Amino acid sequence: MKLAKTYSYLKSDLGVIEKDLEKIIQADHSILNEASTQLLKAGGKRLRPVFVLISAQFGQYDLSKVKHVAVALELIHMASLVHDDVIDNSELRRGKPTVKAKWDNRIAMYTGDYIFARALEYLAEINDPRAHQILSKTMVDLTIGEITQIRDKFNTRQSLRDYLRRIKRKTALLITSSTQLGAIAASVPIEQEKHLKRYGYYIGMSYQIIDDILDFTASEKQLGKPAGSDLMQGNITLPVLIAMKDPNFYQQLQELFTNKSITQDEIKPFIEQIKQSDAIEQSFEISNQYLQKAFHALDKLPNVKAKQTLKDIATYIGQRKA
C-alpha cells in the first residue's frame, strides 16, 4: 500500500496547498528566496497538511479557510527541519543537499526563521484565538524538545520516559496540532475534536518511533541519509535505549561517545548489534501500542470516509519501510 493512495481523493486540494506553499515562501532577497525554494522542492510526505484536511472533513469543510492551517503547519515543520540540519550538521536531507550544506549555518538559521514568520502570517487569516494559542504552545514545546535533544546528546543516562517526552515535543505535538486545528478550522464538534487530537498524538508518537527504527533497518537510499545518522550525532533513540540494557553494549557505547566526532565506520558495528538484538522488535511493539490507541480514538468518531482514511494512514505508518 502506498501512502498517497489512502487519500488520493484529496489530490486536488493538496495541489492547492502546494501552490500556496510555493507562493508564501517567496522572498524579496534572492538568497533567502533560493534557500526556501530549495527546501520546498526537496519534497516530503506533506503529512501535516493531509491530517489537517482529513480532520476538517468531520465538520464544515471549506478549503479556502482550512488551507491556512494546513500551509502554516507544513511551513513550521519545514522551518524546524532547517534548524535541525544546522544542529546536527547534516549535509543531506531526503537525498539532497541541506540549506546549511549549500550555503552556511547563518543562512540556514535565518531561512528557518523566515519560514516560521511566514507560517504565522499565513495563519492570521484564521480568526479564532484558540487556534493561535494552540499553535503558539506547540511551537514553544517544539523548541523545548529541540533544546532537550541538544542537552541529551551523548548522554547514556537516559530513561524511556526521557525519550518519550522528547519525541512528544519534537514530533508528536505538531501532528496533534494538525488534527486538532483542522477540526477547529472546520467547526468540528468539541467531543470529536478531542478524539481527533488524541489520534494525532498517538500517530505522531508511533511515527517517530518507526522513524527511529528505520534509521537502523533501512538503506541509505531509502533514508536519503546515512544509516545510523542519529547515533552518529549522539542522539539516543528507542532501539539504542533498549539495546543499552545489555551491559556490554552499554560499555561499548560509552567508549564510543568519549569521542564526539564519530565516523560511519565506527557506527557500523553498533548498527549490526542493534539489528541482531531484540531492540528492533521491542521498539515495534511500543510503536504498535500507540497505534492501537490511535485506532481506539477513531472508534469514537462517526463513520464517514475521513475515518477510514485515518485508519488506512495508521496502518501504513505501522508498516512503512522508509
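Compute the angle between helix 105-123 and the longest alpha-carbon principal axis of the chain, please, reported from 0 to 90 degrees and rounded to the nearest 10.
Computed tilt is about 30 degrees.
Packing-wise, with mean Cβ within 10 Å as the measure, how do 69-77, 29-37 rank, highest first?
Final packing ranking: 69-77, 29-37.
Please work out how much length the chain gains when fully extended from T37 to S219, using 0.36 nm per residue of separation minus the C-alpha to C-alpha distance, in nm with one decimal. Please list the in-between numbers first.
On the way: separation 182, 0.36 × 182 = 65.52 nm, distance 2.71 nm.
Full extension from T37 to S219 adds 62.8 nm.
First select every other residue whose beta carbon is under 15 angstrom from the beta carbon of L10; then total the charges, Lys and Arg +1, Asp and Glu -1.
Values: positive: K2, K5, K11, K19, K45, R46, R48, K67, K305, K307; negative: D13, E18, D20, D62, E74, D312.
Cβ neighbours under 15 Å give a net charge of +4.
Mind scanning K96/K268; K96/K293; K2/K137; K96/K260; K2/K300; K221/K268 and naming the pairs with a C-alpha gap bigger than 28 Å? Write out the running numbers ahead of the final one.
Numbers: K96/K268 23 Å; K96/K293 35 Å; K2/K137 33 Å; K96/K260 25 Å; K2/K300 26 Å; K221/K268 16 Å.
From the list (K96/K268; K96/K293; K2/K137; K96/K260; K2/K300; K221/K268), the Cα-Cα distance tops 28 Å for K96/K293; K2/K137.
Each label point is 7 Å from the Cα along the Cα-to-Cβ direction; what then is the distance between the points at N155 and Q276, in nm?
If labels sit at N155 and Q276, their model points lie 3.1 nm apart.
Return the sequence-ordered ³J(HN,Hα) values of segment 208-217 in whole Hz as given by the Karplus equation 6.51 cos²θ - 1.76 cosθ + 1.60 applied to θ = phi - 60°, using x for Gly and Pro.
Taking θ as phi minus 60°, the curve returns 5, 4, 4, 4, 5, 5, 4, 4, 10, 9 Hz for segment 208-217.
If r is the Cβ-Cβ distance from D162 to R106 and R0 is 41 Å, what FRET efficiency results, to the nearest 0.05? Present the calculation step by step, with values, prior to reporting the outcome.
Values: r = 31 Å, r/R0 = 0.76.
Efficiency computed from Cβ-Cβ geometry: 0.85.
Explain nothing, just the number: relative contact order of the chain, from Cα pairs under 8 Å at least 6 residues apart, as a whole percent. Could the numbers behind the result be given before it?
Details: 439 pairs, mean separation 65.3, N = 322.
It comes to 20 percent, rounded to a whole number.
Could you tell me which of rounded, prolate or oblate describes the chain, using a ≥ b ≥ c as the square roots of the eigenvalues of the alpha-carbon gyration tensor, with rounded for a/c under 1.5 and, failing that, prolate when a/b is larger than b/c and oblate otherwise?
On the way: a/c = 1.93, a/b = 1.32, b/c = 1.47.
Oblate, since a/c reaches 1.5 and b/c is not below a/b.
Which lysines does K245 reach when only Cα atoms under 17 Å apart count, and residues fewer than 8 places away in its own chain are ignored?
Counting by Cα, and skipping residues close in sequence, K245 has these lysines nearby: K275.
Run the quick spin-label model on S64 and E285: label points 7 Å from Cα toward the beta carbon, then report their separation in nm to one decimal.
Placing both labels 7 Å along Cα→Cβ, they lie 5.4 nm apart.
Mind checking Rg over Rh on segment 1-139, alpha carbons, Kirkwood formula for Rh? Mind showing how you got there, number by number?
Working: Rg = 15.3 Å, Rh = 15.7 Å.
Ratio of gyration radius to Kirkwood radius: 0.98.
Tell me, what is the FRET efficiency for T258 and Q319 to the nearest 0.05, using R0 = 35 angstrom and their Cβ-Cβ distance as r? Walk me through the numbers before you get to the answer.
Details: r = 38 Å, r/R0 = 1.09.
Taking R0 as 35 Å, the efficiency between T258 and Q319 is 0.35.
For segment 166-308, just say rounded, prolate or oblate: build the C-alpha gyration tensor, square-root its eigenvalues into a ≥ b ≥ c, call rounded for a/c under 1.5, and beyond that prolate if a/b exceeds b/c, oblate if not. Working shown, then result.
Numbers: a/c = 2.87, a/b = 2.48, b/c = 1.16.
Taking the square roots of the gyration eigenvalues as a ≥ b ≥ c, segment 166-308 is prolate.
By how many nm would the segment from K300 to Q192 lengthen if fully extended, with 0.36 nm per residue of separation less the alpha-carbon distance? Mind showing how you got there, number by number?
Values: separation 108, 0.36 × 108 = 38.88 nm, distance 0.77 nm.
Result: 38.1 nm gained on full extension.
Any read-out appearing in this document is the output of simple, stated calculations on the displayed coordinates, not a laboratory observation. Nothing here was measured: the structure is a model prediction, and the numbers come from that model. A quick note on method: Cβ atoms are made from the backbone with ideal geometry, for glycine too, and the neighbour counts reach across all protein chains shown.
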